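Peer 1: Mind looking over this structure? Questions follow.
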Amino acid sequence: MSITTATDHPARESRYDGFLVVAAMATLMWLLEVIDAIAGGDLDGWGIRPHDPDRLVGVLTAPFLHAGFGHLVSNTVPFLVLGFVIALSGVARVLAVTAIVMLVGGLGTWIVGPENSLHIGASGLVFGYAAYVISRGVFNRSALELVMGAVVAAVWGSALLSGLLPEEGISWQGHLFGAIGGVVAAGALRREPRA
């Protein structure tokens, strides 16, 4: 008789850790929004303020800050769904995709966004996650990943496209550069073809 433990299945354990990382990020977003509501919106100032060198830290903090619970709710579901899809490839993949999307999306927004504006919210990550899932099948030449990408495009495609249109109060720059970050992540993290 043999007993199987979690450590006997490193891929399963890595997926589980990836799910935990995504859930922890969503939990942090909710916790910060509760604190922000109590503090009267003081945390939102830690978002991305384009062209302000003192606010480059916003590249790392902006995805976790939201302009109210409605904004947070609209980002949470797609963030969790897409994050969990990426977590199927393991915790290292979730962390790498998140880091690339945050850096490309945040820096792009910081460079291109209008002065005296403030950019907050996880939608840049959501756009990056979606673009990663949609494009990774092309880079990996994987039929399964192409199908998963097509499903994401079918479910969220119109919302993704409309989110790229300039609209008052919406950071289309964050959406655009988040999506670019997702494609960069898919290319940078592509699997090497088997011999």
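Peer 1: Where in the chain lies the longest segment free of GluC sites (Glu not before Pro) that are both loop residues by DSSP (not H, G, I, E, B) and have at most 13 other Cβ atoms within 10 Å?
Peer 2: Excluding the exposed sites themselves, the longest stretch runs over 1-114.
Peer 1: Report the longest stretch of the chain that contains none of the trypsin sites (Lys or Arg not before Pro) sitting in a DSSP loop with at most 13 other Cβ atoms within 10 Å.
Peer 2: 1-140
Peer 1: Something else: Pick out, in residue order, every one of the chymotrypsin sites (Phe, Trp or Tyr not before Pro) in segment 96-195 that is DSSP loop and has at most 14 other C-beta atoms within 10 Å; say none if there are none.
Peer 2: none
Peer 1: Pick from V126, V97, V138 the residue whose mean-square fluctuation is largest in a GNM of the chain, springs joining Cα atoms under 10 Å.
Peer 2: Result for the chain, Cα springs under 10 Å: V138 fluctuates most.
Peer 1: Okay, next question. How large is the charge dipole for segment 9-187, taken about the Cα centre, if only the Cβ atoms of Lys, Arg (+1) and Asp, Glu (-1) carry charge, to the nearest 20 debye?
Peer 2: That gives segment 9-187 a dipole magnitude of about 740 debye.
Peer 1: OK, next. Taking all pairs of different Cα atoms in the chain, averaging 1/r and flipping that mean, what Kirkwood radius in angstroms comes out?
Peer 2: Hydrodynamic radius (Kirkwood, Cα pairs) of the chain is 17.2 Å.
Peer 1: Would you work out which of A154, T98, V138 lies farthest towards the positive end of the dipole of the chain, given +1 charges on the beta-carbon of Lys and Arg and -1 on that of Asp and Glu, about the Cα centre?
Peer 2: It is V138, whose Cα lies furthest towards the positive end.
Taken together, the values in this text are just the output of simple stated rules run on the coordinates, not laboratory data. What you see is a predicted model, and the numbers here were worked out from it, not measured in a lab. Every residue, glycine as well, gets a Cβ built from its backbone with ideal geometry; the counts of neighbours run over all protein chains shown.
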